[in-house]
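Visitor: Quick one: structure below, then a few questions.
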Amino acid sequence: MLLSLDAEKSALGPEWARKFNVRGFPTSILLNPDGTEIDRVSGYAPMPRFLEVFQGYARGEGTLDALQEELAASPDDLELSFHVVNKLEARGADGWQELARDILRRDPGNESGFASSADALLVQAAYRADSDPAHLEGLCERWPGSEESLNAHNRLVTVYRRAENPEKAREHLKAIYAGFGDNAQALNSFAWICGEMDWNLKEALRAAHEAVRLVPGDANVLDTLAELQWKNGQKEKALATIGQALELDPANDYLKEQQKKFRE
């Protein structure tokens, strides 16, 4: 039986989202006949991969129960420990925090790469509880250059912009640009937000150019470059760039609106 619920609009959606601790959409959950959870997939996944994972869950492969059994047999396996932590945290189940702290104690140098990920889950939980940005600030300081640090910097930019603290937002934008200059996603985010803030536009334009160099066939990255060209007074270049983006995604209404904006 397939049941699809809109967690924001349908009558049962919010209730079921709370019941299963769903915090992001879409989330697909495989249930036993008695309504207990077998496992879940959060976010979008290509259909072949989605089916592969769910068919594995149906066979008892890769589920939380299966991973906990494996961990009982191999308690020193940090990767297994983190996968169990991740699944427990997603369900809002007890016990994941202590297991996450144990990963941190056993791998203080993050040699496995899982200590920073475990720390990020602990920080996210702490931030959800009291909305204190100091939790996210600490994560940036502990794991500079990591994906978790990049995510925390991006989150802090949003937090400080909402708090109408542009100085702190700019501080974290600078950290993104300085620390993640080889990451197209980071450069694209930096450039777009600078454009939204009308700040550091020449540096943002350079970052947008570098992002396009790193991923030349991405319509979203080209859109960011076009936006920064337009904001820097380069109208003809902006029109040429948005034209390239539309060649990649000709049915995109947003890109068409951007082209119209640049022309006007």
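Visitor: If I filter region 147-197 down to residues being of a type in the set (Gly, Ala, Ser) and over 17 Å from the mean Cα position of the chain (by Cα), which single residue comes out as surrounded by the most Cβ atoms within 10 Å (Cβ to Cβ)?
Guide: Just the residues of region 147-197 that are of a type in the set (Gly, Ala, Ser), to begin with: 149, 152, 163, 169, 175, 178-179, 181, 184, 186, 189, 191, 195.
Those left that are additionally over 17 Å from the mean Cα position of the chain (by Cα): 163, 169, 175, 178-179, 181, 191, 195.
Details: 163: 11, 169: 21, 175: 19, 178: 9, 179: 17, 181: 13, 191: 29, 195: 20.
It comes out as 191.
Visitor: Could you check how many residues of region 207-261 are under 24 Å from residue 175 (Cα atoms), basic (Lys, Arg) and touching a residue at least 12 places away in the same chain (Cβ under 8 Å)?
Guide: Summing the residues that are under 24 Å from residue 175 (Cα atoms), basic (Lys, Arg) and touching a residue at least 12 places away in the same chain (Cβ under 8 Å) in region 207-261 gives 1.
Visitor: Starting from region 189-201, keep only residues that are over 13 Å from residue 232 (Cα atoms) and of a type in the set (D, E, K, R), then list their pairs with residues that are modelled with pLDDT of 95 or more and outside any helix (DSSP H, G or I) whose Cβ atoms are within a distance under 7 Å, requiring at least 6 positions of separation or different chains.
Guide: Every condition considered, no pair remains.
Visitor: Six or more apart or on different chains, Cβ atoms under 8 Å: show the pairs whose first residue is in region 144-157 and in contact (Cβ under 8 Å) with a residue 24 or more places away in the chain and whose second is outside any helix (DSSP H, G or I).
Guide: 145/180; 146/110; 149/143; 150/180; 150/183
Visitor: Then there is this: With the structure loaded, tell me whether residue 89 is surrounded by fewer than 18 Cβ atoms within 10 Å (Cβ to Cβ), under 30 Å from residue 61 (Cβ atoms), among the charged types (D, E, K, R) and not assigned by TED's automatic domain parsing to the domain that holds residue 37 or whether it fails that test.
Guide: Numbers: surrounded by fewer than 18 Cβ atoms within 10 Å (Cβ to Cβ): no; under 30 Å from residue 61 (Cβ atoms): yes; among the charged types (D, E, K, R): yes; not assigned by TED's automatic domain parsing to the domain that holds residue 37: yes.
Here the answer is no, as residue 89 does not meet what is asked.
Visitor: Also: Of these, 24, 60, 56, 109, which one is out of contact with any Lys or Arg (no Cβ under 9 Å at 6 or more places or on another chain) and at positive phi? I'd like the intermediate steps shown before the answer.
Guide: Working: 24 fails: at positive phi; 56 fails: at positive phi; 109 fails: at positive phi.
So the residue among 24, 60, 56, 109 that is out of contact with any Lys or Arg (no Cβ under 9 Å at 6 or more places or on another chain) and at positive phi is 60.
Visitor: Further question on the same structure: Cβ-Cβ below 9 Å, separation at least six or inter-chain, first residue in region 43-56 and within 15 Å of residue 30 (Cβ to Cβ), second part of a helix (DSSP H, G or I) and not polar (S, T, N, Q): which pairs?
Guide: 45/53
Visitor: Based on this model, can you work out whether residue 113 counts as assigned by TED's automatic domain parsing to the domain that holds residue 83, within 19 Å of the chain's Cα centre (by Cα) and free of Cβ contacts under 8 Å to residues at least 24 places away in the same chain? Walk me through it before giving the result.
Guide: On the way: assigned by TED's automatic domain parsing to the domain that holds residue 83: yes; within 19 Å of the chain's Cα centre (by Cα): yes; free of Cβ contacts under 8 Å to residues at least 24 places away in the same chain: yes.
Considered against the rule, which asks whether it is assigned by TED's automatic domain parsing to the domain that holds residue 83, within 19 Å of the chain's Cα centre (by Cα) and free of Cβ contacts under 8 Å to residues at least 24 places away in the same chain, residue 113 comes out as yes.
Visitor: Can you pull out the helices (runs of 4 or more DSSP H) entirely within region 1-87 that have at least 1 residues that are at pLDDT 90 or above and more than 21 Å from the chain's Cα centre (by Cα)? Don't jump to the end; show me each part of the working.
Guide: Values: elements: 13-19, 47-58, 64-73.
Of the helices (runs of 4 or more DSSP H) lying wholly inside region 1-87, those with at least 1 residues that are at pLDDT 90 or above and more than 21 Å from the chain's Cα centre (by Cα) span 47-58, 64-73.
The values are calculated or read from the model by the stated rules, or taken from the named source; none is laboratory data. Bear in mind the structure is a predicted one, so any value in this text is a computation, not a measurement. We place every Cβ from the backbone using ideal geometry, glycine too, and count neighbours over all the protein chains shown.
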